[in-house]
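The values are calculated or read from the model by the stated rules, or taken from the named source; none is laboratory data. Given the structure is predicted, the values throughout are model-derived calculations rather than measurements. Every residue, glycine among them, receives a Cβ derived from its backbone with ideal geometry; neighbour counts consider all protein chains shown.
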Amino acid sequence: MKIRPTIALVLASLVALMVLTSCWRPATPATKITMARSGIQMFRVGLDLYRLNCGVYPTNAQGLNALIVNPGTPGWHGPYIVNVAGRGVPLDPWGTPYRYRTTGTNIVVNSAGPDRTFGTADDI
């Protein structure tokens, strides 16, 4: 079943709009947490669309970049997220890459949070 990534693109556009809006006025800590959660949701939608088209989630080695650039997986019909200004996979609101892990059937996408360190209490 081929599904076009329209939903993912709409969500990604909304996240991009939030990021651009934050450039005009400083984002509060609570706003950044909301933006990070929205970014994670955007990735989850893109990853689910990728799995529906390709039959599997991207490998840990392929990472979130597989949502933008075809890693050579049969059935790929992306991009599944917006590549804003050609910058690649979006960073979290604190400028840190989101972390993606999969066991093959389960996925985890998270942000290091305000302290920019994974494995601490403020991770999202």
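For residue 64, the criteria (1) at pLDDT 95 or above; (2) under 14 Å from the mean Cα position of the chain (by Cα); (3) part of a loop (DSSP other than H, G, I, E, B) hold in every case but one, which is (3). Restricted to region 69-124, and to residues there that are among the small types (Gly, Ala, Ser) and loosely packed, with under 12 Cβ neighbours inside 10 Å, the residue that is nearest to residue 44 (Cα to Cα) is 104.
So, in region 92-104, of the ones that are outside any strand (DSSP E or B) and polar (S, T, N, Q), which residue ends up nearest to residue 58 (Cα to Cα)? The qualifying residue nearest to residue 58 (Cα to Cα) is 103. Can residue 89 be described as in a loop (DSSP other than H, G, I, E, B) and either free of Cβ contacts under 8 Å to residues at least 40 places away in the same chain or of a type in the set (D, E, K, R) (or both)? For residue 89, the condition - in a loop (DSSP other than H, G, I, E, B) and either free of Cβ contacts under 8 Å to residues at least 40 places away in the same chain or of a type in the set (D, E, K, R) (or both) - is met.
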